[in-house]
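In what follows, a single structure is set out as structure tokens and then discussed.
The numbers here are math on the coordinates, done by the rules we state, and not lab data. Not measured: the values here are computed from a predicted model. Heads up, the Cβs are rebuilt from the backbone with ideal geometry, glycines too, and the neighbour counts pull from every protein chain shown.
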Amino acid sequence: MANLQLRFLLVSLFTSIVGEAQYVMQDAALMHYIDRRFQSLENRLEKCNQDIMDYVEEFRDFSKRIISRLEGLNVYKTEFKNEVEHLLTRVERAQRDIDYFASGRDSDACVEVDEDLVEQQQIEEAEERRKIKLVLNASCDNMLTGIKSLKIVKKTGDAHGSWMKDPGKNHPKIYFLNRSKNNVILEFANIRAFMESSNMLATRRVILPTHWQGTGHVIYKGFLFYHRYGSLNEIIKYNIHKRNITDRMLLPGAGQMPAYELFPTTKIDLAIDEQGLWAIHAEPDIGGNLVITKINHHTMAVEYTWDTSCNSKNAEAAFMVCKTLYVVYNTPNGGTSRIECVYNVLDALNTYEVPVLHFPKRYGSHSMMHYNPREKEVFAWGDGSQIIYKLETNQKV
């Protein structure tokens, strides 16, 4: 009887142990299943997150490309509009000339009409000159008679570059723009700091968002005006203090050829005189002669344009003094710089005669010449040297 009870207890215990083992195995299998499911979900979530990141990056690249193309289209649209307006002006001029020459074959009655037309044209030209005088400061009537002295301030930087003061601001700061393609402006407190500085890296640096082209840039009333590298004829207006681009424009007809044959990197040469901002460039349509344009520095709009009689061949630089263009010529190998062509915008039809003006004897060449109307000096860059020329002027008779 005792043996029977013992067997019954052993069977019950064995059955209980086997049942618990089965439960443990089932729980383990369940946990393994849940773990695999979570692992699968985590993998899917990770892949989903990666897909989202890839999509965001692809969308950013796509947006950048679209914005870049839209900006390009906007520039092309403005350039096309300006070119069309410039072409229409030329067509109107040509049509007037054709009408005038065609009338010469008509009767005497028509000749009287032509005389009336000529008289009307003279009246219109006089009215146009009157308007120009109102825009320009008619009291500025001095002409350059000589170059008094030469001062080599410093010799630093590359063979080509530009340096200047801001004639529109009453401060002595010096701005140094090295090379004909760059985007870094160095700013010095005054000319003494510039002369004594031996470590250019320690000076205040202004980094432009785009590179400049050539050496024809100017600083006026706190803004840098420069020809943007890679563009045909885009001029940028950059706020030096706020460090941002505030405006831009396309200069009609410019950028097709160098402004000066001896320095082909400069396609647009900007200048400052007593009247404000000017642009100088050469056009192949008029035999490579220089064209000067008066620009409103506030609105970046063209006010007037003049085709000059000064040619870009063998020219190395030019500058404006009192609404008059002075073009400097040299030899391809470098020699004595001299002013051989002068053009005054108010005497556009009959430029007054002036003798050839030679710069102080210094063999070499200039890659930049800019007039400072506040100090009556020309800042120049010649073969890596920063130079100042003192000018002599007299009132035009």
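When the pairs 267/361; 148/181; 151/173; 242/396; 148/242; 181/390 are compared against a 30 Å limit on Cα-Cα distance, 148/181; 242/396; 148/242 fall above it. Count Lys and Arg as plus one, Asp and Glu as minus one, and take only other residues whose Cβ is under 11 Å from that of residue 238; the net charge is then +4. Tell me which of 281, 245, 233 sits at the most positive position along the dipole axis of the stretch 229-308, charges placed on C-beta atoms (Lys, Arg +1; Asp, Glu -1). The residue sitting most towards the positive pole is 245. Take the Cα of residue 395, step 7 Å toward its Cβ, do the same at residue 204, and the gap between the two points is 4.0 nm.
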